[in-house]
Amino acid sequence: MSSTAVFQAIENIASAPGKLDKISLLTDAIAEHGDLIKSVLHYAYNPFVTFGIRKLPVVQEKNDPTHFGEIKWQLLLDDLSSRKLTGHSAQEAVHSVLASLDDQSEELLRRILRKDLKAGFGENTINKVIKGFIPTFPYMRCSLPKHTDLGEWDWVNGIFSQEKADGMFVNINHDQAGASMTTRQGSPLPYEGFEALHAEIEQRLLAGTQTHGEMLVIDANGKVMLREDGNGLLNSIIQGGQWPEGHYPILKVWDQVPLTSVVPKGKYDKPYDYRLAFINKQLKDNPGSLISLIETRIVRSLGQAYAHCKEVMQQGKEGTIIKRRQMIWRDYTSKDQVKLKLEADCELEVIDFVPGDETGKHKDTFGSLRCASSCRQVVVDVSGFTDDKRKEIHAKGQGYLGTIITVRSNAILYSDNLEKKPHSLFLPRFVEERFDKSVADDLVRIEEQFANAIDKLGMEEAA
């Protein structure tokens, strides 16, 4: 049992093509390497274990390198995560251990410290092999209007209505070791590439808190990039890429809770109007800041809420979220915050079958249906079928091509270059077949459908 053997097992899992293959190989690796690989998984993926190391030291020379023993490296990681080791002492300790390891063991420890084993799996896969081994990250989710009695809300005294930002959700942590940011699933964002944001978090946001927000990207023209482009660039930076000239990240935030509340099933009882005012106090009077409060206004009727939602969507954004003043923060789906967003249907032609994953649930049928507008300027892969419908479509085979189906989605995703890539749709899902139609909608008609959906929201204002 050695770190080099564990590294090889991780590399084998990384090369596996499908999720089921990775689960099988991880199961085998745990059976073979036992506690050592479990420790590796714990330190690398447990979101509540962080090391406070921003830049890993470069190792120039090694002295009799070997694989790491359990005690030495675990003591290092425990001292880092408990903040017994910080600053220069932490850098020296990490350098000393890295310099004592063979190349594969050094790389494995570096991946642990970065909290990314680069194996193509995360906590969900690990928990399928060892149930509950990695804690899921606390998060308060929104409800939909149909799941909440909005008529009971205190509209007279005002409800908060906030823009739903089209970016990447991040948890912004500020503890005694400094600033860190994680994704919704608890994966850490690197320090490199986000240095200015880290500095501002430490300067402006209260220590001992977790702030919730959305990371957006400003382009060279000073404009916020579209979701698909901005998130694509963010993912590139997270993987070690470089910012194009004139591009940089910003944060739009909307909530803040004590770090002590950020635990599974955690809770913070201060009402939302208090929390929002507290964040605003930390952020106000700083023009040009990289961190700002999300656009927020007070609405006093459901009609005004939908009017704000329409206004936001007319700007090409996704929608809004409305929140009650007395809303507490909890790790659950809250009925005190409701997502308002756009949905529109269009008719598309089925032009191809997209194969399912060779090791996945749909390997014997198909993964999705490739569909297109009549003008072929919109092409998108559609899913959302019941098992029975999927089997029915598969049985028709090539005879199903040319069928017109209704597709429901939340936005048009426009391409910058139609010669290279057609337009697409955001979150497309199957609704029904339209055997009464033989021609799909074109782009103009699809745009009209979305415009009509926005207009219908505006009609709520008169209600």
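Any read-out appearing in this document is the output of simple, stated calculations on the displayed coordinates, not a laboratory observation. Note that the structure is a prediction, hence the values are computed from the model and not measured. Cβ sites come from the backbone with ideal geometry, for glycine too, and all protein chains shown count toward neighbours.
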Long-range HN-HN contacts of Leu293 with modeled amide H, under 5 Å: Val253
The stretch 203-230 and the stretch 107-152: distance between their alpha carbon centers, rounded to Å: 21 Å
Other-chain or far-sequence residues with amide H under 5 Å of Gln185's (modelled H): none
Packing-based order for 313-320, 196-203, using average beta carbon neighbours within 10 Å, highest first: 313-320, 196-203
Listed residue (Val253, Leu150, Thr320) projecting farthest to the positive dipole end of the stretch 140-340, Cβ model: Leu150
Cα gyration tensor category, rounded, prolate or oblate, for the chain with a/c compared to 1.5: oblate
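Tell me, what is the FRET efficiency for His88 and Val58 to the nearest 0.05, using R0 = 25 angstrom and their Cβ-Cβ distance as r? Before the final figure, lay out each step's value.
Details: r = 15 Å, r/R0 = 0.62.
The computed FRET efficiency comes out at 0.95.
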Antiparallel bridges, percent of DSSP beta bridges restricted to the stretch 344-459 (to nearest 5): 90 percent
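So what is the 222 nm mean residue ellipticity for the chain from helices alone, if each DSSP H run of at least 4 adds -39500 (n - 2.57) and you divide by all residues, rounding to the nearest 500 deg cm²/dmol?
Values: 12 runs with 158 residues, N = 463.
Estimated from H runs of four or more residues: -11000 deg cm²/dmol.
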Alpha carbon centroid spacing (whole Å) that separates the stretch 356-389 from the stretch 40-66: 42 Å
By average C-beta atoms within 10 angstrom, highest first, the peptides 20-26, 31-37, 444-450: 20-26, 444-450, 31-37
Eligible aspartates and glutamates near Lys22 by straight Cα distance, threshold 18 Å, same-chain separation 8 or greater: Glu11, Glu32, Asp116, Glu123, Asp357, Glu358
Residue-by-residue Karplus 3J(HN,Hα) for the stretch 47-61, coefficients 6.51, -1.76, 1.60, Hz, glycine and proline x: x, 8, 10, 10, 10, x, 9, 8, 10, 7, x, 8, 9, 8, 10
Other-chain or far-sequence residues with amide H under 5 Å of Leu85's (modelled H): Leu80
Degrees, to the nearest 10: 195-204 long Cα axis against longest axis of the chain: 90 degrees
Flagged links, alpha-carbon separation over 21 Å, of Lys339/Lys421; Lys55/Lys118; Lys19/Lys131; Lys19/Lys420: Lys339/Lys421; Lys19/Lys420
The chain: angle of helix 302-314 to the longest principal axis, Cα-based, in degrees nearest 10: 80 degrees
Total charge dipole magnitude, the chain, about the Cα centre, Cβ charges on Lys, Arg, Asp, Glu only, Debye to nearest 20: 1160 debye
Cβ crowding within 10 Å averaged over residues, with 138-146, 39-47 ranked highest first: 39-47, 138-146
Estimated dipole of the stretch 234-315 in Debye, rounded to 20 [Cβ of Lys and Arg +1, of Asp and Glu -1, Cα centre]: 340 debye
Furthest towards positive pole of dipole, Val380, Gly213, Trp329, structure part the chain, Cβ charges: Trp329
Vicinal HN-Hα couplings computed from phi for the stretch 258-273 (Karplus, 6.51 cos²θ - 1.76 cosθ + 1.60; Hz; Gly/Pro x): x, 4, 5, 8, 7, 9, x, 6, x, 7, 9, 7, 4, x, 5, 4
Positive-pole candidate from Ser438, Asn173, Ser96, dipole of the chain, charges at beta carbon: Asn173
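Taking the Cα centre as origin and putting +1 on Lys and Arg beta-carbons and -1 on Asp and Glu beta-carbons, what dipole magnitude results for the stretch 3-129, to the nearest 20 debye? Write out the running numbers ahead of the final one.
Working: 15 positive and 17 negative charges, 123 e Å.
I would put it at about 600 debye.
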The chain: angle of helix 227-238 to the longest principal axis, Cα-based, in degrees nearest 10: 10 degrees
